[in-house]
Amino acid sequence: MTAAARLDSITRRFGHVTALDTVDFELAPGEIHGLLGENGAGKTTLANILGGLLVADAGGVEIGGRAVDLRSARDARALGVAMVHQHFSLVPRFTGFENVALFNGEAWTRRGTATRGYRSQVEARARELKLAVELDAPVAELGVGERQRIEILKALMSDTRVLLLDEPTAVLAPQEVDGLFAVLREVAGAGTAIVLVAHKLDEVLAVADRVTVLRRGRHVLTEAAAGLTARELAKAMVGRGLAAAGARGAGWAAGSEGEPPSARAAADAGGRAGQSEADADPVAVLDDVTVGSGEAPALRDVSLTVHRGEILGIAGVDGNGQRALAAVLAGMVRPDTGTANLSEEAGWIPQDRSDEGLVKDFTIVENVALALHGNASHRRGPWLDWAGIADRSAALVDEMDVLAGSPDARAGTLSGGNQQKVVTGRELLRAGELLVAESPTRGLDVQATRAVRARIVELARTGDRPPGVVLISTDLDEVLELADRIAVMVRGRLIPVPPEDCDATAIGALMLSAGSTGDGGHGGGGNDAGHGGGRAGREHTT
Amino acid sequence: MSRGFSITARLRPELVATITATVAVIATLAVAATLLALGGHSPGDAFAALARGAFGTWDRFVSFTLVRATPLLLTGLAVALAFRARVWNIGAEGQLHAGALAGVAVALLLPGAGAVLALPITLLAAAAAGALWASVPAAMKTEMGVGEVITTLLMNFVALFLAQFLVQGPLRESRGVFNQTDEIPAAAHLPALLPDTRLHLGFLFGVVIAVTLWLFLTRTPGGFRIRAAGASVRAAEVSGRFSVTPVIWLSFLASGAIAGLAGWIQIAGVTHRMYEGLSPGWGYTAIAVALLARLHPLAVVVTAIVFGALSAGGGAMQREAGVPEVWVRGIEALVILAVLTADRIVQGMAASRD
């Protein structure tokens with residue numbers, strides 16, 4: 001049988017980062033194919049290449065057995081590849097019918113009367129796919145699930161060989177997820193191949209025929225879903241064999257092959273002895289902190305203590321409350337309930353270095369001044385002491401080994417690694433007692449990653465009064481490598497990981513657990529009340 | 001090609017900006033020359049007349065070009081300051097009118113104010129009124145998240161109609177002939193800056209404010225915060241650890257105060273009365289002045305004089321070369337388009353290097 005689509009040895013780079021590295025992918029007609037991976041694994045890039053939104057740097061694309069050259073989403077559509085994005089592309093004021101007609105190039109009038117023919121086609125198609133859609137209400141008045149069904153109908157009005165869905169369940173309530181899956185089975189049954197980009201394991205296993213796992217831009221496995229367990233998938237996604245993970249057990253100091261030598265050296269030199277004395281010296285204490293309200297607060301009942309000289313690792317899939325936790329620890333956000341006991345100014349390496357960590361139009365000196373300008377010792381009367389700040393910046397460039405022409409170079413002209421070194425160096429200036437590092441090595445090359453990690457470790461291990469470090473990272477390897485203690489964030493909750501469970505598989509399963517972690521709510525099987533042919537989405541309209 | 005790019009990259013940004021602006025002005029003149037020729041005029045004659053009108057004699061330069069540059073200088077500084085903080089204050093025109101009205105009202109209604117105090121008091125009143133006018137959109141932006149482009153623009157119409165109402169009604173001249181106020185007392189007149197010219201002290205105020213703003217923006221913590229907030233709100237909050245709300249307030253109020261001064265200084269220095277149509281749209285031309293100067297306060301002095309020269313030369317161009325003065329407005333518009341285009345091109349060159 002001819003494949004619905006085939007990607008052959010696809011490579012795609014963004015600047016220095018290789019998002020996809022010689023990845024093969026094959027899609028059979030009528031199958032639901034789960035595409036799994038952690039953040040940054042390359043799954044959306046792969047979907048975008050198939051959808052015509054990105055062009056591969058190398059490799060071939062075949063659709064329906066024919067080699068094609070996709071230059072735009074229009075090209076892909078003409079070949080029967082449709083995409084439903086995570087953020088819908090519907091005109092909010094238009095009705096569902098108008099949106100479907102608009103997308104498919106059909107004329108319509110306000111009431112849809114001039115195109116009765118098309119109207120009945122749309123209705124017939126919806127019936128065929130068992131899609132419960134509201135065609136006559138403005139999209140703005142519909143719930144998320146209903147909008148998604150209109151997106152799907154819109155995409156499937158013309159002959160569709162491949163339907164790409166980018167994290168379609170991320171926006172849905174659990175009951176709606178079941179409804180969506182019923183629709184997908186119907187669509188696949190009619191011969192359309194479906195790519196389901198996701199990171200929730202149990203969902204994918206529930207609906208997919210086959211599963212492909214990507215990890216850091218590389219293909220890890222493609223297998224029938226029936227033979228796989230969530231645990232195996234978690235392992236494939238985080239990419240660490242049980243044996244290797246077990247060997248490190250409780251210990252950060254149990255060094256192994258992958259560690260940057262400089263980090264280990266710093267630990268040996270400064271580390272363990274000093275740490276036991278510091279154990280009783282907390283630098284930040286959160287007690288039952290909640291931020292936000294309603295169904296899904298950003299943080300709920302989070303308690304943690306950060307000690308001087310330790311690295312507390314926080315693992316978790318992006319968007320589970322890490323951001324709010326960092327902001328609370330940095331003193332930028334006050335808890336809505338609970339107490340945060342923090343010591344003066346904390347260093348904060350924000351996740352988004354180019355938009356939050358730096359002002360790209362500023363020079364390195366000016367970026368350093370972001371931390372120092374409020375400091376009385378860097379003022380001369382009403383004036384800023386630019387000479388003093390420039391000295392500090394020159395020292396920082398030197399210490400962090402930033403490759404830049406001079407401290408007067410604009411931050412935007414530096415590479416990602418050098419930008420991150422500037423941010424790290426600057427936040428170290430601030431971090432008297434506490435440093436919060438949010439995915440500090442995301443997107444960096446190997447060298448820069450080592451340098452930044454070594455500096456963080458050195459900071460926590462050396463000196464008489466080292467600060468405590470909270471390392472928030474979606475990269476589980478990084479957390480396992482650097483942290484003394486580990487906790488996992490899931491849906492705003494912080495779950496401490498007992499030392500004996502500090503292996504990738506256990507943590508990975510915790511990270512990816514879809515709500516079976518104590519908030520008791522959803523995710524269980526057998527929850528099929530309220531959809532069927534009905535309009536479950538309405539109940540979730542906000 | 002790539003050689004050219006790397007040369008641009010090595011130059012200081014200020015120099016690049018100057019070159020960009022100069023090229024833009026020259027390109028504008030070239031386009032304008034073409035259009036003039038197509039319109040049946042002689043570009044050479046037109047430009048010569050324009051130049052004579054603006055720079056022909058010392059008196060033309062001082063009494064016309066610099067006098068006309070003064071309100072553009074002040075409003076241009078007001079706009080540049082706000083834009084630096086990424087506060088899109090399109091309301092300099094309204095703030096100018098608010099300042100003019102307040103200055104005139106205080107000058108006319110408080111005749112008891114001693115001669116020595118008349119100028120300081122009226123200047124303060126004008127600045128306060130301009131700031132007050134700007135405080136409405138500032139509050140709407142910071143408290144309710146209403147975009148200031150619309151609110152500052154709409155506040156302009158409120159100010160214009162308020163001015164019309166006042167000069168037709170409560171503040172109308174005692175003769176009751178024209179829609180204008182009485183002449184302000186001599187104590188409230190701005191003295192001449194140079195003897196035997198029409199240039200008044202207001203121009204010097206403008207230059208002093210320009211230097212002050214430049215020092216403020218580049219040398220003080222407050223000015224640094226304005227630049228940081230203007231460059232990236234998120235970086236300012238996360239890495240600078242300060243709230244941008246006070247920064248927005250400060251730039252809004254200071255911008256409004258400077259624009260308010262522009263209105264009153266024009267009256268105190270030149271017209272000595274308030275009347276309908278006091279401003280031919282200085283508050284809007286100010287946006288071009290500020291953009292051409294790339295929001296640099298010292299450069300605003302130069303670009304304000306360029307626009308003052310266009311305005312002063314326009315009349316001469318009409319009289320001597322028979323080219324309608326409205327061409328000058330067209331040239332002003334072309335300058336903005338040319339600057340923005342040149343900006344993009346230079347940025348594109350810088351980006352293609354990376």
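Nothing in this text is a laboratory measurement; each read-out follows from the coordinates by a stated rule. Being a predicted model, the structure only gives us computed values, none of them experimental. Using ideal geometry, Cβ is built from the backbone for each residue, glycine included, and neighbour counts are taken over all protein chains shown.
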For the protein assembly as shown, what percent of Cα pairs sit more than 51 Å apart?
34 percent
Calculated from backbone phi, Karplus (6.51, -1.76, 1.60) coupling profile of the stretch B:155-165 in Hz, x at Gly/Pro
4, 4, 5, 4, 5, 4, 6, 4, 4, 4, 4
So what are the ³J(HN,Hα) numbers for the stretch A:142-159, from phi and the Karplus equation (6.51, -1.76, 1.60; θ = phi - 60°), rounded to whole Hz, Gly and Pro as x?
8, x, 4, x, 5, 4, 5, 5, 5, 4, 5, 4, 4, 5, 9, 5, 9, 4
Hits among lysines - C-alpha to C-alpha of A:Lys154 under 26 Å, sequence gap 8 or more where chains match
A:Lys43, A:Lys130, A:Lys200
Spin-label point model (7 Å from Cα, Cβ direction): what's the A:Ala226 to B:Phe165 distance in nm?
8.1 nm
Go ahead and set up a Gaussian network model of chain B, Cα springs under 10 Å, then flag whichever of B:Ala159, B:Ala304, B:Ala236 fluctuates most.
B:Ala236
Multiplying the sequence separation of A:Ser158 and A:Asp336 by 0.36 nm and subtracting their Cα-Cα distance, what value in nm do you get?
59.1 nm
Label-point separation, A:Ala140 to A:Asp391 (7 Å along Cα→Cβ), nm:
5.9 nm
For A:Ile32, what is the net charge nearby, where nearby means another residue's Cβ is under 12 Å from its Cβ and Lys, Arg count +1, Asp, Glu -1?
-2
For A:Ile349, enumerate residues with amide H under 5 Å from its amide H, sequence gap 5+ or separate chain, H modeled in the peptide plane.
A:Val436, A:Ala437, A:Glu438
Average Cα contact separation per residue, the stretch B:64-200, under 8 Å, 6 or more apart, as relative contact order %
29 percent
Counting pairwise Cα distances across chain B, what percent come out greater than 33 angstrom?
32 percent
Over chain B, what is the relative contact order in percent, taking alpha-carbon pairs closer than 8 angstrom and at least six residues apart?
35 percent
Using a Gaussian network model of chain B with C-alpha springs under 10 Å, which one of B:Ile267, B:Ile90, B:Ile150 is most mobile by mean-square fluctuation?
B:Ile150
Contact order normalised by length for the stretch B:267-354, with contacts defined as Cα pairs under 8 Å and 6 or more residues apart; what percent is it?
21 percent
So which trypsin sites (Lys or Arg not before Pro) in the stretch A:364-395 pass both tests, a DSSP loop state and at most 16 other Cβ atoms within 10 Å of the Cβ?
none
From the phi angles alone, apply the Karplus equation (6.51, -1.76, 1.60; θ = phi - 60°) to the stretch B:245-255 and give each ³J(HN,Hα) in whole Hz, x where the residue is Gly or Pro.
4, x, 5, 5, 4, 4, 5, 4, 5, 5, 4
Summarise the partner chain shielding of A:366-376 as one whole number: the mean count of Cβ atoms from other chains within 10 Å of each residue's Cβ.
4
For B:Asp182, the residues 5 or more places away or on another chain with a placed amide H closer than 5 Å to its own amide H are B:Glu173, B:Ser174
Check the straight Cα-Cα distances from A:Lys421 and name the lysines below 28 Å, setting aside those fewer than 8 residues away within the same chain.
A:Lys360
Two decimals is fine: what is log10 I(q)/I(0) at q = 0.14, 0.22 Å⁻¹ for the stretch A:311-367, from a Debye sum with one equal scatterer on every Cα and no solvent?
-0.51, -1.02
Let me know the mean shielding of B:228-238 by other chains, meaning the per-residue number of their Cβ atoms within 10 Å of its Cβ.
6
Between A:Ser72 and B:Glu173, what is the label-point separation in nm under the 7 Å Cα-to-beta-carbon projection?
6.4 nm
The protein assembly as shown: antiparallel DSSP beta bridges as a percent of all, rounded to 5
55 percent
Using the beta-carbon distance between A:Asp281 and A:Val17 and R0 = 51 Å, what value does 1/(1 + (r/R0)^6) give for FRET efficiency, to the nearest 0.05?
0.85
The set of residues whose placed amide H lies less than 5 Å from the amide H of B:His200, leaving out same-chain residues fewer than 5 positions away, is B:Leu193
1/(1 + (r/R0)^6) with r = Cβ-Cβ of B:Thr22 and B:Asp45, R0 = 30 Å, i.e. FRET efficiency to nearest 0.05, evaluates to 0.80
Hydrodynamic calc, the stretch B:146-247: Kirkwood Rh from Cα pairs, then Stokes-Einstein at 4 °C with viscosity 1.567 mPa s, so D in µm² s⁻¹ is 71 µm²/s
